[in-house]
Amino acid sequence: MTFFGTPARNTKDPLVSIVVPALNEALNLSVVLPQLPQVHEVILVDGGSVDGTVMAARRALPGIITVLQGRKGKGNALAAGFARVTGDIVVMFDADGSADPAEISRFVDALKQGADFAKGSRYVAGGGSADITRIRSLGNRFLNGLFNIGWRSRYSDLCYGYNAFWADLIPLLDLPDHKAPAPANGKMLWGDGFEIETVINCRFAAAGVSITEVPSVEKLRMFGESNLRAVSDGIRVLKTLVTEWRRARQIRRMERKLTQPALARSASASESLAA
């Protein structure tokens, strides 16, 4: 799938852009960044770290591109990183050491073979997790089941952030403007938080792009504590599923309304010719 008027995708030797959102991950980045394969660009999006994250990243990987996000939240960080991408393929990569750099080639190969969106999964053959708790796993399976019902899909792992997709699909995601100011009431804009992976999954599924699941093994975080909060973020993901399902339904209704006049004119013209 490519947008009208865009050149054909470079499936032979695509340029890969790795987007790494980070907040106080200096120790982890010092270990992880040197393990990344040589790619077109690595974009670090910093969320206002106070532990020297940016300096540590530049020491570990000279030439890394650094971006300071405008608002808080992983979703805003990813949107800021996506806006900076100049490659053909976008790889979403966590900074905490849980993602295996050696798996990047799997995601790229899946895209080169025809997928639009390569979705990481811990629950398919070859995947797994050393980090997920029983409660988080049950919650993920519940939310994943709701997603599959709402979108008539067969995902196995909704709440996982190791993914890759063709960069020409970024506009399709329609994420909030990463440069817009934060709301005065202190609340996050929709899509700025940990619900971002669910938003991306929903919007690609609603658009009907080709999706392939890629086995991935989630490793333990190396240093520091996760910013994820299982209960509150789980509720936010549930709200995301409902909101995105309604959004997709409204878009389908609008598309049907837009095509109805054209169909009516076409039928009228056919009747005139027949007469």
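The values are calculated or read from the model by the stated rules, or taken from the named source; none is laboratory data. Predicted, not measured: the structure shown is a model, and the values here were computed from it. Note that each Cβ is placed from the backbone with ideal geometry, even for glycine, and that neighbours are counted across all protein chains shown. All accessible areas refer to the heavy atoms of the entire protein, side chains included, with ligands and DNA or RNA removed. Shrake-Rupley method; radii C 1.70, N 1.55, O 1.52, S 1.80 Å.
Using only the alpha carbons of the chain, determine the length spanned along each of the three principal axes and report them from longest to shortest in whole angstroms.
For the chain, the Cα spread along each principal axis is 78, 45, 41 Å.
On a straight-distance basis, which lysines could pair with residue 112 in a cross-link, Cα separation under 22 angstrom, same-chain partners fewer than 8 positions away excluded?
List returned: 12.
When only DSSP loop residues count, what trypsin sites (Lys or Arg not before Pro) in the range 151-193 have their Cβ near at most 11 other Cβ atoms within 10 Å?
Filter output for the range 151-193: 152, 154, 187.
For q values of 0.15, 0.23 Å⁻¹, compute log₁₀ I(q)/I(0) with the Debye formula on a Cα-only model of the range 1-70, without solvent.
-0.55, -0.93
Using all alpha carbons of the range 34-87, what is the percent of pairwise distances in each 5 Å bin, ordered from the shortest bin to the longest?
In order of increasing distance, the bins hold 4, 20, 28, 25, 18, 5 percent.
At q = 0.23 Å⁻¹, work out log10 I(q)/I(0) for the range 53-187 with the Debye formula, treating every Cα as an identical point scatterer and leaving solvent out; two decimals please.
Calculated log10 I(q)/I(0) at the listed q: -1.51.
So what are the radius of gyration and Dmax for the Cα set of the range 152-210, in Å?
Gyration radius and largest Cα-Cα distance of the range 152-210: 13.1, 39 Å.
Working out 0.36 nm times the residue gap between residue 68 and residue 170, then minus their Cα-Cα distance, what length gain in nm do you get to one decimal?
So the extension gain works out to 34.8 nm.
At 1.4 Å probe size, put 12, 239, 112 in order of accessible surface, largest to smallest.
Greatest to least solvent exposure: 12, 239, 112.
Just to verify a number: FRET efficiency for residue 31 and residue 259, C-beta to C-beta distance, R0 = 41 Å, to 0.05? Mind showing how you got there, number by number?
Working: r = 53 Å, r/R0 = 1.30.
About 0.15, to the nearest 0.05.
Under 11 Å from the Cβ of residue 12, count the other residues' Cβ atoms, weight Lys and Arg +1, Asp and Glu -1, and hand me the total.
0
Express the accessible area of the range 75-140 per residue in Å², computed with a 1.4 Å probe while the remaining protein chains stay in the model.
35
Add +1 for every Lys or Arg and -1 for every Asp or Glu among the other residues with Cβ under 10 Å from the Cβ of residue 203, and state the total. Each step should come with its number before you reach the end.
Details: positive: 247; negative: 174, 244.
Once all neighbours under 10 Å are counted, the net charge is -1.
Just the number please: accessible area per residue for the range 6-68, 1.4 Å probe, all protein chains included, in Å². Walk me through the numbers on the way to the answer.
On the way: 3170 Å² over 63 residues.
Spelled out: the 1.4 Å probe surface of the range 6-68, per residue, equals 50 Å².
Could you tally the net charge around residue 88, taking each other residue with its Cβ under 13 Å from the Cβ of residue 88, Lys/Arg +1 and Asp/Glu -1?
Numbers: positive: 9, 12, 112; negative: 13, 41, 116, 168.
Every neighbour counted, the sum reads -1.
Take the Cα pairs of the range 36-122, get the Kirkwood Rh, then feed it into Stokes-Einstein at 25 °C and 0.890 mPa s and tell me D in µm²/s.
Result for D is 173 µm²/s.
About the Cα centre, and with charges only on the beta carbon of Lys, Arg (+1) and Asp, Glu (-1), how big is the dipole of the range 22-171? Nearest 20 debye, please. Spell out each step's value before the answer.
Numbers: 15 positive and 14 negative charges, 96 e Å.
My answer is approximately 460 debye.
So, with a 1.4 angstrom probe, what is the percent of accessible area on the range 165-214 that is carbon and sulfur?
Within the range 165-214, the accessible surface is 57 percent carbon and sulfur.
Just name one of 204, 148, 181: the one whose Cα is farthest towards the positive end of the charge dipole of the chain (beta-carbon charges, Lys/Arg +1, Asp/Glu -1).
148
To the nearest Å, what is the center-to-center distance of the range 39-66 and the range 158-207, using C-alpha atoms only?
Each part reduced to its Cα centre gives a spacing of 22 Å.
Under DSSP H, which helices of the chain have Cα atoms covering 18 Å or more of the helix axis and a Kyte-Doolittle average no less than -0.5?
For the chain, where a helix must reach 18 Å along its axis and average at least -0.5, the hits are 134-151, 230-274.
Determine which lysines satisfy two conditions relative to residue 72: a Cα distance under 18 Å, and not lying fewer than 8 residues away in the same chain.
179, 187
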